[in-house]
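Asks: Following this message is one structure expressed as structure tokens.
The values are calculated or read from the model by the stated rules, or taken from the named source; none is laboratory data. Computed from a predicted model, the values in this text were never measured in an experiment. Glycine gets a Cβ as well: all are built from the backbone with ideal geometry, and neighbour counts include every protein chain shown. Side chains are part of the model used for accessible areas, which takes the heavy atoms of the whole protein and leaves out ligands, DNA and RNA. Shrake-Rupley method; radii C 1.70, N 1.55, O 1.52, S 1.80 Å.
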Amino acid sequence: MRKELSAPGVKDTPEAHLLLELSERRAKTPDWRHAFFEAWNALGRPDFSKSDLLPEPLEVDHLLVYTHRDWEQADEPQRFPLAVMALGELTERLDWGLDQVRTSTSVPLLMALREHLLPVDTQVPQRRILLPAVEERLGQLTGPAPRTLQLALRAFLAGRSPDVPFERRDLEALEQLVTLEWKQPLSERFYLEMRERLEGLFFIPHHHALLLASSAQGISLGKALLRRARASKAHLNEDEQRWMGRLLWEVGARLREQRSRLELETGLLIQMYGSELTGHSPTRMDSIELWVELGEWETALKRAAYYRWPLTALQEESCHPRARDEHAWMRAFARRSELP
């Protein structure tokens, strides 16, 4: 490594300095992520956001080719999570996929599949055949009175265009749901379950377990609710607009109780519109201030370019802390808390 980093054009770069500092600290720290974090801080927190030497970041929804086994060699419990991530595996296995959906007892895995199917063109067989089956199975598992807001919103929004305005009876129905917690199980628990199941199938199972856990958060439901709310404003009187605004604030509060960036971001978007409708300045300022703070966390992570460093162990080690509490993970890079 030292020989490579001494090459002309590389040896005097901030990237080379960080790698050398990281190599010195790795033996003295319990893991790669703390060694990296300490090295970055020791060098004065250099800005790698525009680095020409680092590759683009590995996005959380990026599927890496599974290396240890092919489809036929995968264990049966591994195949359904794999198919959820790689919808192409279902092209010639739609009957098998339908059986998996109809017999699955995992709500988060079904929610992850739902999130992956929604952006697919409506004429594509996987979506046209599997999405109705997923919706039906979720309804069977959750019953007429879902215990989480995520699943209750799925039923509440089902069968209606996202641009159809809410009526008073819709607000009355939503009033009964907004005190429910957003989801169960927590992202960390589902992440750990998927990480164990994918062990041996992927070279980096942690990344793919986090992909599934992120998809299972059901963020599209919050976005669909916000879209319906925006379409409703002109059709409601002032009192009903304030009422809808208060309900949106409560939905956003349930999302903010979760610990992922996506859930926080979606919750804040919903709350900012809700507080705009209520005209309540303190709540609006609260959501705007946290929105600005979230931007500061993201900027700090971009400066470190953490997700761009092609060190497998470094990337894998970040997955569990992010699944447990991504807010704390991001805040550490912005000097707001200790690194998990």
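Asks: Could you derive backbone 3J(HN,Hα) for the stretch 128-135 from the dihedral phi with the Karplus parameters 6.51, -1.76 and 1.60 (θ = phi - 60°), listing whole Hz in sequence and x where the residue is Gly or Pro?
Replies: Per-residue couplings from phi come out as 4, 8, 7, 4, x, 5, 5, 4 Hz.
Asks: Where does each of Arg246, Arg147, Arg261, Arg137 land when they are ordered by accessible area, with a 1.4 Å probe and the largest first?
Replies: On the way: Arg246 105, Arg147 205, Arg261 65, Arg137 40 Å².
Descending accessible area places them as Arg147, Arg246, Arg261, Arg137.
Asks: Another question, then. Go through Lys11, Lys233, Lys3 and list them by solvent-accessible area, largest first, probe radius 1.4 Å.
Replies: Numbers: Lys11 105, Lys233 80, Lys3 170 Å².
Order by accessible area, largest first: Lys3, Lys11, Lys233.
Asks: What FRET efficiency comes out for the pair Gln140/Arg335, r = Cβ-Cβ distance, R0 = 41 Å, nearest 0.05? All intermediate terms of the calculation are to be shown ahead of the outcome.
Replies: On the way: r = 48 Å, r/R0 = 1.17.
Efficiency computed from Cβ-Cβ geometry: 0.30.
Asks: Name the most mobile residue of Leu117, Leu54, Leu130, meaning the one with the largest mean-square fluctuation, in a Gaussian network model of the chain with Cα contacts below 10 Å.
Replies: Of Leu117, Leu54, Leu130, the most mobile in the Gaussian network model is Leu54.
Asks: Right, here's the next one. Residue by residue, what Karplus-based ³J(HN,Hα) values in Hz, rounded to whole numbers, does the stretch 25-39 have, using 6.51, -1.76 and 1.60 with θ = phi - 60° and x for Gly and Pro?
Replies: So the J values, rounded to whole Hz, are 8, 4, 6, 9, 10, x, 7, 5, 5, 6, 5, 5, 4, 5, 5.
Asks: Cα centroid distance between the stretch 293-328 and the stretch 190-247, in Å?
Replies: For the stretch 293-328 versus the stretch 190-247, the Cα centre distance is 20 Å.
Asks: Only loop residues by DSSP count here, and only those with at most 16 other Cβ atoms within 10 Å; note down the trypsin sites (Lys or Arg not before Pro) in the stretch 15-111 that meet that. Working shown, then result.
Replies: Working: sites: Arg25, Arg26, Lys28, Arg33, Lys50, Arg69, Arg79, Arg93, Arg102; in loops: Lys28, Lys50, Arg69, Arg93.
In loop regions of the stretch 15-111 (DSSP not H, G, I, E or B), the sparsely surrounded trypsin sites (Lys or Arg not before Pro) are Lys28, Lys50, Arg69, Arg93.
Asks: Right, another one. Might you tell me the accessible area per residue for the stretch 176-236, computed with a 1.4 Å probe and given in Å²?
Replies: On the way: 2530 Å² over 61 residues.
On a per-residue basis, the stretch 176-236 sits at 42 Å².
Asks: Taking a quarter of the surface of the Cα convex hull of the stretch 121-252, what do you get in nm²? The partial results should precede the final answer.
Replies: Values: hull surface 38.2 nm².
The orientation-averaged projected area of the Cα hull of the stretch 121-252 comes to 9.6 nm².
Asks: I'd like to check one number: the per residue accessible area of the stretch 30-143, probe 1.4 Å, reported in Å² as a whole number.
Replies: On a per-residue basis, 52 Å².
Asks: Is there a quick way to get the dipole size of the stretch 1-152? I mean about its Cα centre, with the Cβ of Lys and Arg at +1 and of Asp and Glu at -1; what is the value in debye to the nearest 20?
Replies: Values: 18 positive and 24 negative charges, 86 e Å.
Result for the stretch 1-152 is approximately 420 debye, rounded to the nearest 20.
Asks: Can you work out ³J(HN,Hα) from phi for every residue in the stretch 301-312, in order, using Karplus 6.51 cos²θ - 1.76 cosθ + 1.60 and θ = phi - 60°, giving whole Hz and x for Gly and Pro?
Replies: 5, 5, 4, 6, 6, 3, 7, 9, 6, x, 10, 4
Asks: For Lys11, list the lysines whose Cα falls under 26 Å from its own Cα; do not include residues on the same chain fewer than 8 positions away.
Replies: Within the straight-line limit of under 26 Å, Lys11 reaches these lysines: Lys3, Lys28, Lys50, Lys302.
Asks: What is the local net charge at Ser215, summed over the other residues whose Cβ is closer than 13 Å to its Cβ (Lys, Arg +1; Asp, Glu -1)? Provide the component values of the computation, followed by the final result.
Replies: Working: positive: Arg114, Lys183; negative: Glu59, Asp61, Glu115, Glu263.
Residues near Ser215 contribute -2 overall.
Asks: Also, I was wondering about something else. Most fluctuating residue of Glu298, Glu250, Glu24 in a GNM of the chain with Cα springs under 10 Å: which is it?
Replies: Among Glu298, Glu250, Glu24, the largest GNM mean-square fluctuation belongs to Glu24.
Asks: Wrap a convex hull around the Cα atoms of the stretch 182-340, take a quarter of its surface area, and give that in square nanometres.
Replies: Values: hull surface 40.7 nm².
If you wrap the Cα atoms of the stretch 182-340 in a convex hull and average its projections, you get 10.2 nm².
Asks: Let me ask another. List the residues, sorted by chain then number, that are 5 or more residues from Leu236 or on another chain and whose placed amide H is less than 5 Å from its amide H.
Replies: none
Asks: So what is the calculated 222 nm ellipticity per residue for the chain, using -39500 (n - 2.57) for each DSSP H run with n of 4 or more, over all residues, to the nearest 500 deg cm²/dmol?
Replies: Details: 16 runs with 214 residues, N = 340.
Value at 222 nm, helices only: -20000 deg cm²/dmol.
Asks: Setting aside same-chain residues fewer than 8 positions from Lys233, which lysines have a Cα under 30 Å from its Cα?
Replies: Once the sequence-local lysines are set aside, what remains near Lys233 is Lys183, Lys223.
Asks: Roughly speaking, what % of Cα-Cα pairs in the chain are separated by over 24 Å, rounded to a whole number?
Replies: Numbers: 35462 of 57630 pairs.
The calculated P(r) of the chain puts 62 percent of pairs beyond 24 Å.
Asks: Let me ask you something else. If you build a Gaussian network model of the chain, linking Cα atoms that sit under 10 Å apart, which residue out of Gln315, Gln258, Gln123 swings the most?
Replies: Among Gln315, Gln258, Gln123, the largest mean-square fluctuation in the Gaussian network model of the chain belongs to Gln123.
Asks: A further question follows. Using a 1.4 angstrom probe on the protein heavy atoms only, could you order Asp325, Asp286 from most to least accessible area?
Replies: Working: Asp325 40, Asp286 65 Å².
So, going from the largest accessible area down, we get Asp286, Asp325.
Asks: Pick out, from Leu82, Leu53, Phe36, the residue whose Cα sits farthest towards the positive end of the charge dipole of the stretch 1-95, with +1 on the Cβ of Lys and Arg and -1 on the Cβ of Asp and Glu.
Replies: Phe36
Asks: Quick one: net charge around Gly279, please, counting Lys, Arg +1 and Asp, Glu -1 for every other residue with C-beta under 10 Å from its C-beta.
Replies: Working: positive: Arg242, Arg284; negative: Glu238, Glu276.
Result for the local shell: 0.
Asks: Take the alpha-carbon centre of the stretch 17-68, take the same for the stretch 86-120, and report the distance between them in whole Å.
Replies: Using only Cα atoms, the two centres lie 34 Å from each other.
Asks: When the accessible area of the stretch 1-40 is computed with all protein chains present and a 1.4 Å probe, what percentage of it is carbon and sulfur?
Replies: On the way: 1350 of 2420 Å².
The C+S portion of the solvent-accessible surface of the stretch 1-40 is 56 percent.
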